[in-house]
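Read through the structure below, which is laid out as structure tokens, and then see the notes.
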Amino acid sequence: MANAERLLDVLTFLEAHPQRHDQNFWLKETDSGTVGCIAGWTCLLSGYEPVLGVELDDGVTEFNQVYWVGDEARVPRCVLSTARVLLGFDEDQADELFFADYELDDLWDVVEEISDGAVTRS
């Protein structure tokens, strides 16, 4: 079963800050600040620190990995697998949520389905 509390926290954050949601990037730094998808925000809101990734053609930096919190060696971990574990998803559920170009309203619908109704929009 999905981690309903964490899912609700992430979606509530994104709903309060819709300009910070971009399902096309794990995380990226823009002139307006950090934006990202539900997987990227799951990691950030759970206390993970992003590792600067690749600079894209438009000068935007994309974060491909996150540092494991409390890991003195600061070993980078993949955003996808880290978010999947944090949210309690199996691979199919994670793929359904992370690899589609959903708007925020769509995310709520998919999360409600994946969480078997444990997470719903109020």
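Nothing in this text is a laboratory measurement; each read-out follows from the coordinates by a stated rule. In this text, all values refer to a predicted model and were calculated from it rather than measured experimentally. Note: ideal-geometry Cβ built from the backbone for every residue, glycine included; neighbour counts use all protein chains shown.
For a quick check: sort 31, 92, 9 by the number of other beta carbons within 10 angstrom, fewest at the front. Working shown, then result.
Details: 31 6, 92 9, 9 16.
Ranked by crowding around the Cβ, least crowded first: 31, 92, 9.
To the nearest 0.05, what FRET efficiency results for residue 120 and residue 51 with a Förster distance of 30 Å applied to their C-beta separation?
Once the sixth-power term is evaluated, E becomes 0.35.
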